[in-house]
Amino acid sequence: MRAVGYETSPPDKAVEHLSDLDLPRPFPTGRDLLVRVEAVSINPVDTKQRGPLDDPGRFPRVLGFDASGVVEAAGDDATLFRPGDAVFYAGAVDRQGSNAEFQLVDERIVARKPDRLDFADAAALPLTAITAWETLFDRFRIQPDETERGTLLVIGAAGGVGSIATQLARQLTALTVIGTASREETRAFALEHGCHHVIDHSRPMAPQIAELGLGPVDYVFALTQTPAHMNDIGALIRPFGELCVIDSAALDLAPIRFKSVSLHFEYMFTRPLFQTADMIEQHRLLSEISRLVDAGRLRSTRTRTLSPISAATIREGHRLSETGTMLGKVVVAGWPEREDKDASSA
């Protein structure tokens, strides 16, 4: 099968080392599904996975997380899906990735693809939707029953996670949703995806929040450059408020300490990485995302599509992600036609 990744450990993190590979097709056992991948999307975590590893047993190594495709086969213990089912998922950080024609993935983190979306639009959703859902409804413990009152600030509202978090909050809660954006196009995108108000995170945010007349913010979901925003967050969040971050950089907690703010970390790979007892919750929440999409309440955040899936287009997707200016998500879809038609079963 065709794939994109590393044959051996690369010398550094340069994107140019990603290459086209020819690998054996894997075989599903246990609760694994073998999925024929039709489209993938690029996330910042994809770019962070590039580079050398000390363990030679991890090579050949395929990168990628978000995917949509069709179940080709299922392990003996799999019960949720059958061959021919169209699915979408975000994969696991400790397994071979989605940038391959065929991928093994545990059925407990997979859901049926929304009927109203094609594979490209569906591939844009899983990782960001899981991150947003787990933050709002697991970390913050907000009830998705449209009665929750208060204010939610999403720092970086026009990115992949932000544009799903604002949709979910607007559709499933009664929160007032404030997004941040620093350019006119990102401001418009944030408003289109559920924000009631948009402020500029390139300027001091606390005075802008005060101008809205909403009082201190109850929940802050920080998605970008959190260390640089900590003083502002400390000034604008209410006492006993809640802050969730996805950054891995060190944070100065002094600005929120005396307000007794609860700090949460969100890492959507925790459940599959540690095989937690509630791992199947990702199947359930993605199934709910699929239902909401088909009901017309959520939409894909795909804004750009590259084709076909190859080392060249995956590298381009990584470069776009690393600009830090992407609206929504970039998707890579479809495989090039094989020159040798007899090789289709390889």
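Quick notes on this structure:
- Hits in segment 201-228 (condition: open to solvent by 60 Å² or more (accessible area, probe 1.4 Å) and acidic (Asp, Glu)): Glu211
- Unmet requirement for Asp145, which otherwise passes all of (1) modelled with pLDDT of 95 or more; (2) part of a loop (DSSP other than H, G, I, E, B); (3) of a type outside the set (A, V, I, L, M, F, W, C): (1)
- Sole exception among (1) surrounded by fewer than 14 Cβ atoms within 10 Å (Cβ to Cβ); (2) in a strand (DSSP E or B) for Gly84, by number: (2)
- Just one residue in the set Ala124, Ala67, Ala100, Ala90 is modelled with pLDDT of 95 or more, under 30 Å from Ile199 (Cα atoms) and open to solvent by less than 10 Å² (accessible area, probe 1.4 Å); that residue is Ala124.
- Every residue from segment 157-189 that is without any contact (Cβ under 8 Å) to a residue 40 or more places away in the chain and polar (S, T, N, Q): Thr166, Thr173, Thr176, Thr180, Ser182
- Cβ-Cβ distances below 8 Å connect the following pairs, each with a first residue in segment 190-208 that is of a type in the set (A, V, I, L, M), a second residue that is open to solvent by 70 Å² or more (accessible area, probe 1.4 Å), and a separation of six or more residues or different chains: Val198/Arg187; Val198/Leu191.
- Scanning segment 187-228 for residues that are farther than 19 Å from Gly159 by Cβ, in contact with a Ser or Thr (Cβ under 9 Å, 6 or more places away or on another chain) and assigned to a loop (DSSP other than H, G, I, E, B) gives Leu214, Gly215, Pro216.
- Filter result (crowded, with 22+ Cβ neighbours inside 10 Å, touching a Lys or Arg at 6+ places or on another chain (Cβ under 9 Å) and in a helix (DSSP H, G or I)) within segment 167-186: Gln167
- Hits in segment 143-171 (condition: farther than 23 Å from Gln225 by Cβ, more than 19 Å from the chain's Cα centre (by Cα) and not polar (S, T, N, Q)): Pro144, Asp145, Glu146, Glu148, Arg149, Gly150
Quick grid of which residues meet (1) surrounded by fewer than 18 Cβ atoms within 10 Å (Cβ to Cβ); (2) more than 18 Å from Ala90 (Cβ to Cβ); (3) of a type in the set (S, T, N, Q); (4) modelled with pLDDT of 95 or more:
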{"site": "Arg2", "(1), (2), (3), (4)": "no, yes, no, yes"}
{"site": "Glu16", "(1), (2), (3), (4)": "yes, yes, no, yes"}
{"site": "Ser19", "(1), (2), (3), (4)": "yes, yes, yes, yes"}
{"site": "Thr29", "(1), (2), (3), (4)": "yes, yes, yes, yes"}
{"site": "Glu38", "(1), (2), (3), (4)": "no, no, no, yes"}
{"site": "Pro60", "(1), (2), (3), (4)": "yes, yes, no, yes"}
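The values are calculated or read from the model by the stated rules, or taken from the named source; none is laboratory data. This one's a predicted model, so the numbers in the text were calculated from it and none came from an experiment. Positions of Cβ are generated from backbone atoms using ideal geometry, with glycine treated the same way; all protein chains shown enter the neighbour counts. Ligands, DNA and RNA are excluded from the accessible area calculation, which covers all protein heavy atoms including side chains. Shrake-Rupley method; radii C 1.70, N 1.55, O 1.52, S 1.80 Å.
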